[in-house]
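Just so it is clear, none of the values below were taken in a lab; they were calculated from the coordinates. Because the structure is predicted, anything quoted here is derived from the model rather than measured. Cβ placement follows ideal geometry from the backbone for every residue including glycine, while neighbour counts extend to all protein chains displayed.
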């Protein structure tokens, strides 16, 4: 016992002296007062709620039981009334005799008996509106009266079969009428008086409202339901409203289960609670109707029954909450009146004893311990004594450290001053200070170096004196503004040093204010912008001038063109625009290299500049295109003079190291505003005029005319049509024979492409071949012609001669851009099963300048394909290239053949070409032979082959066959070839 007492005493001490002491006094008082006032309210409220709930349930049970007993008694009385009336009918002699005659009588007697039974039913039940249907059945359950229904429904049959042997007593039951509704029925056996055996059945179908009307005599509470339940089917057969239940009108499963359990225990009536499917828990009273499986049930939702008790509970809770809040309010004032003076006393004691960091830590430890106000008061008294000792000790420590701090701060200031001076003295920015008289009181070495003076010379001077210059006065005005306004400012100053070098400095002016708030000096920090400005100038030059020739580029050209056009428009003067293109520059660039081409461009730019006036503007647009803007042109003579001078200068030879190159220039000229006042159109006009000069033979200039615009539009439309020509099948290949001059035999042919336009007719190759090369369409066109020639060579070799040979011209643009074209043509020839000797590839003389060409031509050589040089003597090349490359044929241009009969120079050139080719082991073909004199001369000088209109024009393949092989038997050894060209 003593141990228990000790434990309780320890626990009490822990709660009262340790655990509760961690909470402030005011909170403990508030809690105790609130609990003392709330606990009685809660206990009394709970007891009241429990007692009221039990009382309500007891009253509901008594009332429900009495109600269902009364309803059950009333239903039994009505059932007995129906049974009594039915007994009078079934025991009457007329019914007994009629049933006997129906069974044993003749047909007439049976018919009369049926009619008699029908009259009996009508007389007995005709006025009873609670009976829906009525039947008299024989012992085999057949209808004996003459009603309309000749056959019983399944529900009635099921009801009759369910009726047990009850010695003539009535059986009450229910059945489903097939429409989802429950009908009530009574079945009474008819016992014969003579033999005491069952001779038939009386079946009555009763209206449910016959029984439900008596529910109206019962006072039902809110939410109470009363109904009759058939225990055999668990269906509601009669409800309060008198309507039979539908297919979903089964009783609650939990109710059925509990009634069944009580019935098994011998309790035909009782009071149960169950869980409903819709509104939670219910209370139900039930009692059975004697002699039936019917049960009268009264239900009420527990929630509605307990609504009054819940209202009482809510009132109790509300009162409890109100009392609790009121108690808290009162407890707060009572506890505050006790704890506030204590806390004030603690605070004052704490302020008195508080001393720096040590006391703050002590207070933190006290708070962490969770003590109440009394403990805090005790702690404050203890800290007061310790605080006095700590203050005396700290005063001694402060006195000792003051001297050390002063020494350290002094050394630090000296170090910082030295660092600042080092930064200022070595800063690349100029740093100066000016007093209110604008005189310099300080200057760092960077300023002295840039100004070219010593420190002594710079001090005491104004900016107008050193460094001086035209902008120095503006600088002094800016300094004066800073002194007057007291606000910082900045500016860019351009000035000259003593050595004459120009400087650009960005200067920031900062006012220095003394203790009185007055500006006594201005600090000027300047940063040299010379390098940045030089860089910006370089960027601007790179953006607006050509890096190679140092001429204005395309961007600067358009800017200057717009500027000069504006001047010409305002002054009503004329302006000319020249567009210059260097002819054959690409050949020089490809043959001698891009570095050599750049040297030629620089020299060409210098020559163009030497031909124009100082007011004229020369620009390079890119590549080998130059422009010249000629402002203030009074007449066309000066324009023509300048154009001719440029053409003449550019036609002179260019010395390019060990090599010498020749080019020419095609110049297009257009006038502003005569031709147009729109600058974009003006440039297009110059471009069209330049192309006109090229087409006219190059090395000349050409003015823009409206016809050129029409030609350009025509060229554009032709280009558009050209793109659809090959897919549209508009190209045809014609063949022109090449004759062996020694034997007169035709062993070769040249293939000439023809464009048969569906609207314009035949278009000359001179018109569309240059367009195809410019647009890149020459690549698919060349491949198509090569394939056509291969197919034609196979056909003619198979039909006429096994060594027939066709030459195909390869575009210079194609062979320069596509390094695989030689291999592609060779592979195609191999895939078609044709020997390489059946084809000859024809290239222009200018391609010999390509250093990589020999590697490409070796592909043809390896495949056995021959190579021919077309238009020899008209291009830019060297005779050494003929020896360097693998060439089979050399073709003399038609310009040398035309005047062979009268021009001795052409005769000498042709003879020299033939001799040169033979010395190098090459065969010679002369093209453009039209007269017998030309043919005879070529035969005389030993030319190998000739072609031209003297022999035949280019013709389609079928006409070529008729021309060359009119009689296969007479020309068994004939051989032909084909070649594509642009003529």
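Computed extension gain for residue 91 through residue 681, at 0.36 nm per residue and net of the alpha carbon distance, reaches 199.4 nm.
Apply the a/c threshold of 1.5 to the C-alpha gyration tensor of segment 91-207 and tell me whether it is rounded, prolate or oblate. It comes out prolate by the Cα gyration axes. Each Cα pair under 8 Å and six or more residues apart adds its separation to the average, and for segment 694-750 the resulting relative contact order is 17 percent. Angle of helix 530-544 to the longest C-alpha principal axis of the chain, folded into 0 to 90 degrees and rounded to 10: 80°. Counting pairs of alpha carbon atoms under 8 Å apart in space and at least six apart in sequence, what relative contact order in percent does the chain give? It rounds to 6 percent for the chain.
Classify the chain from the C-alpha gyration tensor, please: rounded if a/c falls under 1.5, else prolate or oblate depending on whether a/b exceeds b/c. It comes out oblate by the Cα gyration axes. Projecting label points 7 angstrom from Cα along Cα→Cβ for residue 340 and residue 707 puts them 11.8 nm apart.
Under the simplified labelling scheme, the residue 632-residue 874 pair shows an inter-label distance of 4.6 nm, with each label point 7 Å from Cα along Cα→Cβ. Here the calculated FRET efficiency for residue 115 and residue 176, from their Cβ-Cβ distance with R0 = 22 Å, stands at 0.10, rounded to the nearest 0.05. Potential lengthening of the chain between residue 916 and residue 234 amounts to 232.6 nm, from the contour at 0.36 nm per residue minus the alpha-carbon distance. This ranking places 648, 124 by how few other beta-carbon atoms lie within 10 Å of each, fewest first, which gives 648, 124. Helix 307-353 versus the longest principal axis of the chain: what is the Cα-based angle in degrees, 0 to 90, to the nearest 10? Here the helix axis deviates by roughly 60 degrees. Remark: 735, 703, 135, 442 ranked as 442, 703, 135, 735, counting other beta-carbon atoms within 10 Å and listing the fewest first.
Only alpha carbons enter this Debye calculation for segment 911-954, each as an equal point scatterer, and the log10 of I(q)/I(0) it gives at q = 0.21, 0.24, 0.29 Å⁻¹ is -0.64, -0.78, -1.00.
Given R₀ = 45 Å, FRET efficiency for residue 123-residue 54 by Cβ-Cβ distance, to 0.05? Calculated transfer efficiency: 0.15.
Between residue 730 and residue 949, the FRET efficiency from the beta-carbon distance, with R0 = 30 Å, is close to 0.75.
Tell me the relative contact order for segment 545-704 as a rounded percent, counting alpha carbon contacts under 8 Å between residues six or more apart.
Answer for segment 545-704 is 28 percent.
In angstrom, the C-alpha Rg and Dmax of segment 427-534 are 13.2, 45.
Calculated mean residue ellipticity at 222 nm for the chain: -16500 deg cm²/dmol, from DSSP H runs with n ≥ 4 weighted as -39500 (n - 2.57), summed, divided by the residue count and rounded to 500. Overall, the anisotropy analysis places segment 487-545 in the prolate class: the square-rooted eigenvalues a ≥ b ≥ c of its C-alpha gyration tensor yield a/c not less than 1.5, with a/b exceeding b/c. Placing pseudo-labels 7 Å out from each Cα toward the beta carbon at residue 502 and residue 142 gives an inter-label distance of 14.1 nm.
Take every DSSP beta bridge whose two residues both sit in the chain; close to 80 percent of them are antiparallel. As a proxy for reagent exposure, ranking 108, 235, 139 by other Cβ atoms within 10 Å from fewest up yields 108, 139, 235. When both bridge partners sit in segment 729-964, DSSP labels roughly 40% of those beta bridges antiparallel. Remark: the residue 548-residue 658 segment gains 37.4 nm on full extension, using 0.36 nm per residue and subtracting the alpha carbon distance. For segment 747-762, there are no residues whose amide N sits under 11 Å from a probe point set 7 Å from the Cα of residue 787 along the beta carbon direction.
Against the main long axis of the alpha-carbon atoms of the chain, helix 554-571 sits at an angle near 80°.
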